[in-house]
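Chemist: Structure below; questions to follow.
The values are calculated or read from the model by the stated rules, or taken from the named source; none is laboratory data. Keep in mind that this is a model prediction, so the values were computed, not measured. In this analysis, Cβ positions are derived from the backbone assuming ideal geometry, glycine residues included, and neighbour counts consider all displayed protein chains.
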Amino acid sequence: MRDDLTERDRRVLDFERDAPAAPGAKEAAIRRDLGLSVARYQQLLNSLIERPAALAYEPMLVGRLLRLRDARAAARDARSFGSVAR
């Protein structure tokens, strides 16, 4: 399987990089600019950040998103199972 980014993949990454900070404004812009539901946008973005081509295309953004995702997962784990030594 090729790991090149499609035009839509690049549009999603570019959008996330430049997205409005306000949640309501971002949701409206996702629908208006990308023609996607917010849920579908999040699915695409989460799968994109796993791909080496996305990291090569937008390293700062992808690194930040991966760190945020990992921090949220760790916070969920701590709430669900208590503090776990790793």
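Chemist: Considering only the range 15-24, state which residues are exposed (fewer than 15 other Cβ atoms within 10 Å of the Cβ) and modelled with pLDDT of 95 or more.
Modeler: ARG17, ASP18
Chemist: While we're looking at this one, here's another question. Just to be sure I understand the filter: pairs with C-beta atoms under 8 Å, separated by 6 or more residues or on different chains, first member in the range 45-72 and surrounded by 11 or more Cβ atoms within 10 Å (Cβ to Cβ), second member in a helix (DSSP H, G or I) and polar (S, T, N, Q). Which pairs pass?
Modeler: What qualifies is ARG69/ASN46.
Chemist: Which residues, taken from the range 1-14, are hydrophobic (A, V, I, L, M, F, W, C) and surrounded by 13 or more Cβ atoms within 10 Å (Cβ to Cβ)?
Modeler: Here is the first cut: in the range 1-14, the ones hydrophobic (A, V, I, L, M, F, W, C) are 1, 5, 12-13.
Once the filter is applied, which keeps residues that are hydrophobic (A, V, I, L, M, F, W, C) and surrounded by 13 or more Cβ atoms within 10 Å (Cβ to Cβ), the range 1-14 yields LEU5, VAL12, LEU13.
Chemist: Tell me which residues, restricted to the range 32-55, are in a helix (DSSP H, G or I), more than 15 Å from GLU7 (Cα to Cα) and of a type in the set (A, V, I, L, M, F, W, C).
Modeler: Matches in the range 32-55: VAL38, ALA39, LEU55.
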